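The values are calculated or read from the model by the stated rules, or taken from the named source; none is laboratory data. Everything numeric in this text was worked out from a predicted model, so none of it was measured. Neighbour counts run over all protein chains shown; Cβ positions are idealised from the backbone, glycine included.
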Amino acid sequence: MALITCDNISLAYENNVVLSDLSFSVHAGDYLCIVGENGSGKSTLIKALLSFKRPLCGSIQFGDGLRQTEIGYLPQQTGAQKDFPASVWEVVQSGCMNQSGLSPFYSSAQRSLAQETLKKLDLWELRRRSYRELSGGQQQRVLLARALCATHKLLLLDEPVAGLDPMVTLEMYRMIQQLNQRGITIIMVSHDIQSAVQYASHILHLHNRPLFFGSTADYLKSGAAKQFLGGPEHD
Amino acid sequence: MIDVLVQMLSYPFLIRAIVVGTLVSLCASLLGVSLVLKRYSMIGDGLSHVGFGALAIATAVNAAPLAVAIPVVVAAAFLLLRLSENSKIKGDAAIALISTGALAIGVMAVSLSTGMNIDVYNYMFGSILAISQEDVWLSVILSIVVLALYVIFYHKIFAITFDENFARATGVKAGWYNMLIALLTAVTIVLGMRLMGALLISSLVIFPALTSMRIFKSFRSVVTCSAFLSVFCFLIGILISYAWSTPAGASVVCVNIAAFFAFWSASLLFSRKKK
């Protein structure tokens, strides 16, 4: 059984369809990159996966014991966050929220989960630092740690390297790759098609409808890729 | 100094004003941290103008002021949240629209009924004589509710303030908590505005949070500092107001300004030392 199965979904804003006839599935251990131009429906698809938005038709099913609130989501940063007074610890801890249920406080299990995750991503030394004093790359790593606290299975990353310099970008991709090798399924939305084909096992290419879905090797042979990557068939 | 304090506490209306003012300052500062960080600072200002309109109309038709003002301001708070979330009129414009509109309606109501008089002045800039025993009970209940909800939902409030989308993804009902914050803000503002004045009450929401953020760097320390600072500034302000016979609202705001600059200079000093 797949972790996520999208069956023929269409997504729309007030009858303005932005994405139609999309079917794909994500299995445990996959590394799926969703690529496409601006306005191709990538962000809308993310909203649907997080159930912020209901599909107009079709269905999204979660399998393998994955619950919808157990997706580790790494959103794009908002302007308001850049000067937010919060310690790294507070931000990462808030990732454990989905395990609290009705309890108003964090349990010791949740605290040790946050602790482990911080150590895993080399953030333990920074835990008392303020989020707003960190560099862009460190901030992104903190948000990745928070997403990891929320999941054991699936990370959903929305443009995780946007605005990072090349060195930090490379480091971020390596980290995501390592997480994938440890068995965490990755779904990443990206503009960076070169890195997408380098790291991902599967590609979903959108342009208001699916242009391609399949393994990266097949994608490189397809027409969609040639156009997007700027290959010899440029027109 | 002690004489002045003893003298102050011998007036029942002053004790009422101090109790209500302290509790309202406390609630406003707690809610203020979230509002300021979510870029909703102007909501407090907008709501106080709506409160002015509602009070003016209540006086014109001889209704109980709080019974009219609280529901109207709560409704306005929900409307403002809705508007800033999903509509073509953006948040700041919506607030400006509603606040000036309500102010105009209030002025019309006053001038058609009693005429522009001392009441209008009191609504605008506050009066410590306006606080009744009923207000004292309401503010005690309100502050217990705000404090309890704040402690119970503290982590969720943090999550929603920091990143609403992530919080929603982990199953927190963000819309519900936003409503709750708007509701509590509305009640706090109506309770505080007759003491502080419609034009000045929003300073209680904004100043303590912004001042604390100059120095403190984690959410918990900012919240704690805001709460203490807000109560402290209010008490100093009311003391100044009594000693020099200045309006209570304006005196409290002036103390808040002083605190802001003190914290700001301290933060500049700290950062210079680090370098």
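Structure notes:
- Within the stretch B:119-167, tally of residues that are away from chain A (no Cβ under 14 Å) and in a loop (DSSP other than H, G, I, E, B): 4
- Residue within the stretch B:200-212 that is of a type outside the set (S, T, N, Q), over 29 Å from B:Asn122 (Cβ atoms) and either surrounded by fewer than 24 Cβ atoms within 10 Å (Cβ to Cβ) or at pLDDT 90 or above (or both) present: no
- Taking the listed residues B:Thr170, B:Thr188, the one that is crowded, with 24+ Cβ neighbours inside 10 Å, within 14 Å of chain A (Cβ to nearest Cβ) and β-branched (Val, Ile, Thr) is B:Thr170, with no other qualifying.
Yes/no matrix, rows are residues, columns are (1) touching a helix residue (DSSP H, G or I) at 6+ places or on another chain (Cβ under 9 Å); (2) at pLDDT below 90; (3) in a helix (DSSP H, G or I); (4) within 27 Å of A:Gly63 (Cβ to Cβ):
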position: A:Thr151; (1), (2), (3), (4): yes, yes, no, yes
position: A:Leu164; (1), (2), (3), (4): yes, yes, no, no
position: A:Met167; (1), (2), (3), (4): yes, yes, yes, no
position: A:Ile186; (1), (2), (3), (4): yes, no, no, yes
position: A:Gln194; (1), (2), (3), (4): yes, yes, yes, no
position: A:Ala217; (1), (2), (3), (4): no, yes, yes, yes
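- Set side by side, the residues B:Ala209, B:Ala248 differ, and just one is more than 14 Å from chain A (Cβ to nearest Cβ), in contact (Cβ under 8 Å) with a residue 24 or more places away in the chain and within 15 Å of the chain's Cα centre (by Cα), which is B:Ala248.
- Residue among A:Leu170, A:Leu211, A:Leu126 that is surrounded by fewer than 23 Cβ atoms within 10 Å (Cβ to Cβ), more than 16 Å from the chain's Cα centre (by Cα), closer than 30 Å to B:Ser221 by Cβ and among the aliphatic types (A, V, I, L, M): A:Leu126
- Taken over the stretch B:9-32, the residue count meeting the criterion of being free of Cβ contacts under 8 Å to residues at least 40 places away in the same chain and among the small types (Gly, Ala, Ser) is 1.
- Selection of first residues in the stretch B:131-155 that are over 16 Å from B:Trp176 (Cβ atoms) and of second residues that are at pLDDT below 85 and in a helix (DSSP H, G or I), restricted to Cβ pairs under 8 Å at least 6 apart or on distinct chains, gives the following pairs, ordered by first then second residue: B:Ile131/B:Arg194; B:Glu134/B:Leu66; B:Asp135/B:Leu66; B:Asp135/B:Arg194; B:Leu138/B:Leu66.
- Qualifying residue in the stretch A:117-128 (condition: farther than 27 Å from A:Asp30 by Cα, at pLDDT 85 or above and within 12 Å of chain B (Cβ to nearest Cβ)): yes
- Condition met for B:Val253 (hydrophobic (A, V, I, L, M, F, W, C), under 17 Å from B:Gly126 (Cβ atoms), within 20 Å of the chain's Cα centre (by Cα) and more than 14 Å from every other protein chain (Cβ to nearest Cβ)): yes
- With respect to the stated conditions, A:Gln178 fails to be in contact (Cβ under 8 Å) with a residue 24 or more places away in the chain and part of a helix (DSSP H, G or I).
- Within this structure, A:Asp158 passes the test of being buried (at least 17 other Cβ atoms within 10 Å of the Cβ), acidic (Asp, Glu) and at pLDDT 85 or above.
Yes or no, residue by residue, for (1) among the polar types (S, T, N, Q); (2) within 29 Å of A:Leu204 (Cα to Cα):
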residue: A:Gln61; (1), (2): yes, yes
residue: A:Tyr73; (1), (2): no, yes
residue: A:Gln81; (1), (2): yes, no
residue: A:Val91; (1), (2): no, no
residue: A:Ser94; (1), (2): yes, no
residue: A:Phe105; (1), (2): no, no
residue: A:Leu113; (1), (2): no, no
residue: A:Leu126; (1), (2): no, no
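- Condition met for A:Leu134 (within 14 Å of chain B (Cβ to nearest Cβ) and farther than 28 Å from A:Arg67 by Cβ): yes
- Of all residues in the stretch A:14-54, those satisfying the criterion of being of a type outside the set (S, T, N, Q), farther than 14 Å from A:His202 by Cβ and either free of Cβ contacts under 8 Å to residues at least 12 places away in the same chain or touching a Lys or Arg at 6+ places or on another chain (Cβ under 6 Å) (or both) are A:Glu14, A:Asp21, A:Gly36, A:Lys47, A:Phe52, A:Lys53, A:Arg54.
- Members of the stretch A:69-105 found to be at the interface with chain B (Cβ under 7 Å from one of its Cβ atoms) and at pLDDT 85 or above, listed by number: A:Ile71, A:Tyr73, A:Pro75, A:Phe84, A:Pro85, A:Ala86, A:Ser87, A:Glu90, A:Val91, A:Ser94
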